Amino acid sequence: MLGSYPSGKGRVTMWQPAHLVARVRLLAVAVLLLGAVLSVLPVAAQESMGGWSGYVEACGTNGGFAQQEFAPGPGTPPYGTGSLQFSVAVVNEGRIWSQLVQPTVARTALAVVREIRYWTFVTRGGAVAPHVFLDVDLNDDGVADDRLIYQPELNGTVTPLTWQEWEAVGGRWWSQRGLGGLLPSAPGPLASYLQAFPGARLAVPESGQGGLGVGVGCLGSGWGGWQGAIDALLFRSDPFTVFWNFESTGVVTTRGGGVTAGPTFRELTPHPWATVAPGTVRIAVTATSDVGLRFVRLWLNNNELSPTVTGDDRTKIVSVQQTLQPGFFTVRATATDIHGRSFTAQWQFVVSANARDGWWFTADGTPRRVQIEQSLRALSEAFRWHFFGISWDGAYHPEMPTHGTVASTIRFVTRSPMHFMTLPPTDPVMIAVEARSTDQPLASVELRLNGQLLNVEISQDDARSWFVFTTRQLEPGLYGVTATARDTAGRTLTMSWGFVVSSNPNESPWFTPDGRLKADTVSRTLRTLVEGFRWHLYGVSWDGQPHPEFPTHATSVSGPQPLRQWFDSQGRPNPEAITQELRSLEEVFRWHFWGISWDGGRHPDIPTHAN
């Protein structure tokens with residue numbers, strides 16, 4: 001025997017003889033199981049495992065026999081010369097589950113997992129191939145509550161003696177607990193599961209469960225006497241990307257997601273923030289990579305284009321001609337190299353007959369109300385979420401990084417008044433929210449108006465659904481509402497929104513009814529954004545003092561820096577200064593949140609959560 005049962009336990013600690021380690025050079029598992037779960041702890045070359053751990057689990061009571069090893073081949077692997085190879089014995093019809101588990105992806109929100117791609121090879125046995133599984137935490141305690149499984153044979157035809165590539169995120173999965181409508185007999189997309197569990201995260205590994213895993217055996221038939229391999233596994237999410245290349249010497253890990261290494265862009269066309277004439281417009285970009293590009297994709301206003309691609313494996317020029325009418329356009333380009341590292345550039349341009357028209361101001365200096373309000377609103381909402389975890393719409397947003405502690409199990413499903421609504425001063429204003437918890441009962445819901453706690457009435461459908469409201473007669477002005485819901489476990493979600501009380505429905509927080517910018521509120525918004533982000537990124541303090549109430553990536557504090565002059569002494573806007581500020585804020589926000597470049601290059605001087 002290679003191991004023995006610890007007293008009173010159902011696990012076996014593996015010990016490998018020296019000649020076995022020497023034969024496979026890294027890892028081998030050959031176990032006759034009697035209903036136990038085994039943790040494989042290699043005694044040599046652990047640095048080559050890339051964080052992976054091997055486990056073998058019996059299906060039922062009779063156990064089975066399985067082996068894992070890193071070895072050359074089979075055939076010509078897609079990357080390098082080796083792979084991770086599995087063998088399942090004929091005994092007990094292959095009723096054994098041989099797994100490899102990766103913990104580094106734990107705590108990643110399921111909603112931001114964008115791609116899981118891997119290659120399989122079947123040497124002998126049934127038309128089944130190594131599957132991928134995700135252990136998910138549904139109540140934010142880190143523990144696995146369910147396992148989602150992707151089987152290649154349920155998503156296509158498994159061809160023996162051929163290396164095949166599978167992309168799992170866009171495929172069909174099933175839930176071990178049958179949750180989210182995903183059943184073994186009726187697998188479905190991850191989107192269906194996320195509708196039922198929008199806050200689902202990858203669990204922290206424990207006893208072989210948690211994070212990301214690959215495995216063979218147990219599921220379905222065809223595993224008795226099966227032998228095959230897996231290679232080149234890519235995991236891509238919004239926070240990070242990892243590419244694991246399995247070789248005979250172990251695991252070669254490539255990290256970075258393109259923000260620190262990988263593809264870059266040049267020759268962004270039209271030039272960022274340019275104004276071009278209506279008609280035929282060339283949209284193009286050149287992508288480069290020192291290891292080779294897998295593909296380059298191009299979008300215009302969120303519609304994917306079908307460009308012409310020229311060049312070679314390391315330099316690709318993608319271009320397309322579009323007939324465009326006057327308007328505002330956003331281009332996004334994403335390049336992915338052979339290691340799975342993706343890099344994205346995003347830039348904007350204007351189509352107008354007047355070459356002096358801009359994104360936020362016309363040629364004569366008239367502010368573009370829709371564009372300016374969209375930018376200020378988006379920046380303000382992103383600022384509050386990122387700094388403090390304050391939601392603008394009552395939802396949890398795993399696609400956006402936050403320094404706040406936010407409950408993914410609480411939602412605000414309705415609110416009153418609507419965000420940025422303008423109300424007449426003659427009518428009483430109902431201020432209300434409906435809060436719901438998908439886990440623990442709610443303990444409290446608070447409403448504040450311009451920072452003042454309100455006395456409210458509460459209507460409860462049940463312990464997890466509260467409607468909280470009050471009515472106020474309000475004078476003309478700008479108002480901000482903050483709602484905070486707390487459950488009995490102490491978890492909270494806060495939502496903040498604003499509205500205007502005015503006799504003119506065309507008035508907004510930043511514009512007068514006749515379309516003029518409000519110098520005071522626009523300046524206050526821009527100052528908050530600029531000073532807040534200077535502190536957050538670089539520790540630049542607006543008053544020379546430390547501000548521990550605001551998160552920062554800096555390790556030291558420096559004194560204030562001057563602000564641009566956005567308005568003159570008469571309250572007239574400076575279009576150039578406001579344009580420069582909004583442009584800088586949008587570019588830096590996208591890089592800091594997601595590592596999206598505004599010019600095609602990397603910006604290591606600016607911290608980014610995409611690392």
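The values are calculated or read from the model by the stated rules, or taken from the named source; none is laboratory data. Note that this is a predicted model, so its numbers are computed, not measured. Please note: Cβ atoms are built from the backbone with ideal geometry, for glycine as well, and neighbour counts cover all protein chains shown. Please note that ligands, DNA and RNA were not included when accessible areas were found on the heavy atoms of the full protein model with its side chains. Shrake-Rupley method; radii C 1.70, N 1.55, O 1.52, S 1.80 Å.
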Legend entry - Within region 270-286, considering residues that are in contact with a Phe, Trp or Tyr (Cβ under 9 Å, 6 or more places away or on another chain) and farther than 14 Å from VAL296 by Cβ, the one surrounded by the fewest Cβ atoms within 10 Å (Cβ to Cβ): HIS271
Inset, instruction - For region 251-266, indicate whether the set of residues that are of a type in the set (A, V, I, L, M), surrounded by fewer than 19 Cβ atoms within 10 Å (Cβ to Cβ) and out of contact with any helix residue (DSSP H, G or I) (no Cβ under 9 Å at 6 or more places or on another chain) is non-empty. - result: yes
Inset, instruction - Please work out if PRO546 is farther than 24 Å from ASP520 by Cβ, touching a residue at least 12 places away in the same chain (Cβ under 8 Å) and in a loop (DSSP other than H, G, I, E, B). - result: no
Legend entry - Single residue of ALA229, ALA261, ALA274 found to be within 27 Å of ARG332 (Cα to Cα) and modelled with pLDDT of 95 or more: ALA274
Inset, instruction - Give just the number: which of (1) in contact with a helix residue (DSSP H, G or I) (Cβ under 9 Å, 6 or more places away or on another chain); (2) of a type outside the set (Asp, Glu); (3) surrounded by fewer than 19 Cβ atoms within 10 Å (Cβ to Cβ); (4) closer than 30 Å to PHE550 by Cβ does THR492 not satisfy? - result: (1)
Legend entry - Evaluation of ALA333 against (1) open to solvent by 10 Å² or more (accessible area, probe 1.4 Å); (2) modelled with pLDDT of 95 or more (one fails), failing number: (1)
Inset, instruction - Could you list, in sequence order, all residues of region 117-143 that are closer than 30 Å to THR336 by Cβ and within 20 Å of the chain's Cα centre (by Cα)? - result: ARG117, TYR118, VAL132, PHE133, LEU134, ASP135, VAL136, ASP137
Inset, instruction - Among the residues of region 433-466, count how many are more than 9 Å from ASP487 (Cα to Cα), open to solvent by less than 80 Å² (accessible area, probe 1.4 Å) and not in a strand (DSSP E or B). - result: 4
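Here's the yes/no breakdown for (1) open to solvent by less than 20 Å² (accessible area, probe 1.4 Å); (2) farther than 15 Å from LEU493 by Cβ:
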{"site": "ASP357", "(1), (2)": "no, yes"}
{"site": "GLY365", "(1), (2)": "no, yes"}
{"site": "LEU376", "(1), (2)": "yes, yes"}
{"site": "LEU379", "(1), (2)": "yes, yes"}
{"site": "ARG384", "(1), (2)": "no, no"}
{"site": "PHE388", "(1), (2)": "no, no"}
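Considering only strands (runs of 3 or more DSSP E) fully contained in region 100-193, which possess at least 3 residues that are open to solvent by less than 40 Å² (accessible area, probe 1.4 Å) and farther than 22 Å from GLY224 by Cβ?
Fully inside region 100-193 and qualifying: 113-124, 131-137, 146-150.
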Legend entry - Tally, over region 573-611, of residues that are of a type in the set (A, V, I, L, M) and within 20 Å of GLY539 (Cβ to Cβ): 3
